[in-house]
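Structure first, commentary second.
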Amino acid sequence: PQPLMAGKRGLVMGVANDRSIAWGIAKAAYDQGAQLAFTYQGEALEKRVRPLAQSVGSDIVVPCDVTDDASIDQVFQEVEQKWGKLDFLVHAIAYADKEELKGKYLATSRDNFVRSLDISCYSLTAISQRAVPLMKDGGSILTLTYYGAERVMPHYNVMGVAKAALEASVRYLAADLGDQGIRVNAISAGPIKTLAASGIGDFRHILKWNELNSPLRQNVSIEQVGGSGLYLLSDLSNGVTGEVHHVDSGYHVVGMMAVDAAPA
Ligand code: NAD
């Protein structure tokens, strides 16, 4: 049998290092035969992303800052020149000022609100606008979200609001693009220790809490998110769009702390 992603070409945005969720998804797609392109944000991360991209045989590795339209345009021009088409797009990008990923949501500043929503939410729409003309045979767009969009999580603050807007964007984009055979979905991942997560106040406590209280009694890995990402990017999920799929060891179904996890 053919590998699941044979003949498919995808752009992965949001790899910072080998602990990035985007890297877990990229690896899973590569292992099933996908051809990959990568973006990185700034020179410091280029040093990390370039060798990773090379290890999966990628020859498109371009800088992108999603706050800059010209920078996004360049990425998609490069993809169009080299490939002429695109089958899938991974958006694994988020940002909020560390100073406001602790304490109360009430303290959110206008500047940080605007910047967080721009980078963490609007960027999905901005890149989809450029990806759609290249998705000539249909396509799959995937973004990453978190349970803090649905329920209040300590310290997540403005990111929770940004993720709620992101999840709504997934539904609107799915409705806009369905008639072109383009699907848009999100994975709501459980907490994972990454560069971005290190900015969230008390993150170690959140990790421990999820491990103790999720039905599977474990935290998820980037390989596990990669497996579910592969499903959503591949034709296996060609009846699925506008969906927020939880890959969180089942944490989101739990209404009360497990008795065996309760402190004595
Ligand atoms: P990460 O730090 O590895 O990735 C975040 C990426 O966002 C980095 O590659 C960074 O360069 C990029 N980015 C930030 N601002 C950018 C900008 N202006 N332009 C371009 N790129 C920019 O961390 P991660 O945890 O793998 O994050 C990936 C996605 O997963 C994010 O959307 C995050 O919110 C989401 N997520 C993470 C967790 C978790 O616990 N780690 C859980 C659920 C969802």
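Read-outs throughout are calculated quantities, based only on the coordinates presented, and are distinct from any laboratory measurement. As the structure is a prediction and not an experimental result, all values here were calculated from the model. Quick reminder, even Gly has a Cβ in these numbers, built from the backbone with ideal geometry, and neighbours come from all protein chains shown.
General observations
- Paramagnetic reach from Glu43 (point 7 Å along Cα→Cβ, amide N under 15 Å) across the range 53-85: 63-64
- On Cα atoms only, tilt of 203-213 relative to the major axis of the chain in degrees: 80 degrees
- With only Cα atoms counted, the chain has Rg and Dmax values of 17.9, 62 Å.
- Estimated dipole of the range 9-248 in Debye, rounded to 20 [Cβ of Lys and Arg +1, of Asp and Glu -1, Cα centre]: 620 debye
- The local environment of Gly138, defined by Cβ-Cβ distances under 15 Å, has a net charge of 0 under the rule Lys, Arg +1 and Asp, Glu -1.
- Taking every Cα-Cα distance in the range 185-249 and sorting them into 5 Å bins starting at zero, the pair-distance distribution P(r) comes out as 4, 17, 23, 22, 17, 10, 6, 2 percent.
- Cα-based Lys proximity count in the range 9-248, under 16 Å, for pairs eight or more positions apart or on separate chains: 4
- GNM result for the chain, Cα springs below 10 Å: residue of Glu78, Glu243, Glu100 fluctuating most strongly: Glu78
- Computed E for Asn238/Lys102 - FRET, C-beta separation, R0 30 angstrom, nearest 0.05: 0.10
- Put a dot 7 Å past the Cα of Gln180, heading toward its Cβ, do the same for Asp202, and the two dots end up 4.4 nm apart.
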